[in-house]
Amino acid sequence: MFHSARQEPRPPEIRKTLFYTLKTDQEDHVMLVLSRKTDERIIIDERIIITILEVRGDKIRIGIDAPKEIPVMREELLAKGLETVTAA
């Protein structure tokens, strides 16, 4: 469940950015919501780079550059994998 965005004053050079708190059973997480254009990037922990490659209708192609030791998986494949492990 998402809770309301933080409303902190920001310097004028920073565009409007939304932060949502995501409550889970284990811990609270903060979700940063950004707008990006083609060829713009998001950098996480100086090791993961997400690049917006193409926007076409309701589909967005992204590229993820991450170290090999960090698993990157689509959510639906992760869920399917968990179902397979649970059924075994």
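The values are calculated or read from the model by the stated rules, or taken from the named source; none is laboratory data. Bear in mind that the values here come from a model prediction, so they are computed numbers and not experimental data. Glycine gets a Cβ as well: all are built from the backbone with ideal geometry, and neighbour counts include every protein chain shown.
Per-structure values
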{"read-out": "Residue in segment 29-53 that is surrounded by the fewest Cβ atoms within 10 Å (Cβ to Cβ), counting only those that are at negative phi and not in a strand (DSSP E or B)", "value": "Lys37"}
{"read-out": "Glu69 being modelled with pLDDT of 70 or more, more than 15 Å from the chain's Cα centre (by Cα) and outside any loop (DSSP other than H, G, I, E, B)", "value": "no"}
{"read-out": "Those residues of segment 59-71 which are surrounded by 10 or more Cβ atoms within 10 Å (Cβ to Cβ) and within 19 Å of Arg36 (Cβ to Cβ), in sequence order", "value": "Ile60, Arg61, Ile62, Gly63, Ile64, Asp65, Ala66"}
{"read-out": "Unmet requirement for Gly81, which otherwise passes all of (1) outside any loop (DSSP other than H, G, I, E, B); (2) in contact with a strand residue (DSSP E or B) (Cβ under 9 Å, 6 or more places away or on another chain); (3) farther than 20 Å from Met31 by Cβ", "value": "(2)"}
{"read-out": "Residue check, Arg56 basic (Lys, Arg), modelled with pLDDT of 90 or more and surrounded by 10 or more Cβ atoms within 10 Å (Cβ to Cβ)", "value": "no"}
